[in-house]
1. Mind checking which residues of the range 1-28 are surrounded by 14 or more Cβ atoms within 10 Å (Cβ to Cβ), under 15 Å from the mean Cα position of the chain (by Cα) and assigned to a loop (DSSP other than H, G, I, E, B)?
Amino acid sequence: MAESIQFQLVSPERMLVDERVSEVQIPAREGYIGVMAGHAPLLSELMDGGVLTFKAGAELKTLAVYGGFVEVQPGRVRVLADAAEFGSEIDAEKAKARLAVALKASGGDTAALLAEVAKAQAAVDTVVKR
């Protein structure tokens, strides 16, 4: 791997990723952030539900990330997720059912319901990308 950075992704339950990568696409609160070696330091909140991808060697890996924070420092990216799961861990039918329930319930347009829709959509999107 030419230029790489250390990427760590942890949730309260476990360490999901701790490896050298060439790039990371992070679902930040205000939109996606692409991080490669040499990126400027930053700290950002994550989306309530988003798809995070990273490239390790020739392999592109995908996770659903449900809230948290990202810190970028020289040579290192650390994601502290409220919750996260690999696409291979997501049951596609359950994710689609969860999304349908969340979309139906979101008619009241409350922030909590919209966050649930975002989380469910991230799970479905992650399954589609695997």
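1. S11
Rundown of residues vs (1) at pLDDT below 95; (2) under 16 Å from F7 (Cα atoms); (3) surrounded by fewer than 19 Cβ atoms within 10 Å (Cβ to Cβ), yes/no style:
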{"site": "E45", "(1), (2), (3)": "no, no, yes"}
{"site": "E59", "(1), (2), (3)": "yes, yes, yes"}
{"site": "R78", "(1), (2), (3)": "no, yes, yes"}
{"site": "L99", "(1), (2), (3)": "yes, no, no"}
{"site": "S106", "(1), (2), (3)": "yes, no, yes"}
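The values are calculated or read from the model by the stated rules, or taken from the named source; none is laboratory data. What you see is a predicted model, and the numbers here were worked out from it, not measured in a lab. No Cβ is skipped: glycine too gets one built from the backbone with ideal geometry, and neighbour counts run over all protein chains shown.
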